[in-house]
Structure formats: C-alpha cells, structure tokens
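Structure first, commentary second.
What follows is calculated from the coordinates using simple rules that are stated; it is not laboratory data. The structure displayed is predicted, hence computed values, not measured ones. As a convention, Cβ positions derive from the backbone with ideal geometry for all residues, glycine included, and neighbour counts pool all protein chains shown.
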Amino acid sequence: MDRPPSETDAERDALFDDANGDLAIGDFDTAIDGYRHCVAIDPQFFDGWHALGMALMKQGHLKEAIGAALMATHLRPNDLLAWTGLSQMYMKNGQIAEAEAAKSNASVLGIGGKIVK
C-alpha cells in the first residue's frame, strides 16, 4: 500500500537530485555520499540503492556495489536494469556464475517474464 509523501521523502528526493548532479559532473565521492544518505533516510528507496551500486562500481568498490545492487533487486525483483547492473558488478568482480544467474534473470524480464509474481 502506498503512503502519502512526507517531509522525509522530500529531503531524500532533494539529496538524490543533488547526488545525480554530482555524478553528472564526475564527482563520484560526493555522489556516493549523497546516495548513502538517501538510503539511510529511506532504506526502501530503490532508486537510491541502484544509483549507489552503479556509482560504487564505477569507483571500483565492487563488494559494496554488489551489496547495494542486491538491495535494489530485493526491493524490485522484476526490474530489468537492477539485474543487469548486478550482473555487470559480479562480472567485474570475477564472480562468473553469479553474473550468469543475474543475467538470466535480466533475460527473463527482457522477454516479459517475471522473477516474482
């Protein structure tokens, strides 16, 4: 059940927008800090977890990136981009079997299937 937006949501969204701006100009450390703050405010914030994982991957922090990506796939198990990003992270970390499993989930979603119904 959806809840009405709160002041916390507005703060989270403002931080997320700022982090996206930092990422756009290549300030990865500040962006990562912003995304971490977003998910600290709202641990159910899919966009924050996904963006945090991708930014961490770009900085080479693969284990932490994988953790963030796993949170994203947990929150939205039927999100194609979340599984694709997780597969990329596993591949960069040399975890081939895990990368293939995540890629398989992305493929299922890509053809209109569901991971969780």
Report summary line: Excluding near-sequence neighbours (fewer than 8 apart on one chain), the chain holds lysine pairs with C-alpha atoms under 21 Å apart numbering 7
Report summary line: Rg/Rh of the chain (Cα atoms, Kirkwood Rh), to two decimals, equals 1.00
Requested in this report: Work out the length of the dipole vector of the chain about its Cα centre, built from +1 on the beta-carbon of each Lys and Arg and -1 on the beta-carbon of each Asp and Glu, and round it to the nearest 20 debye.
Outcome: 760
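Helix-derived [θ] at 222 nm for the chain: sum -39500 (n - 2.57) over DSSP H runs of at least 4, divide by residue count, nearest 500?
-24000 deg cm²/dmol
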Query raised in the report: If you find the alpha carbon centre of the stretch 12-37 and of the stretch 40-58, how far apart are they in angstrom?
Result: 10
Query raised in the report: By count of other Cβ within 10 Å, fewest leading, how are M91, M54 ordered?
Result: M91, M54
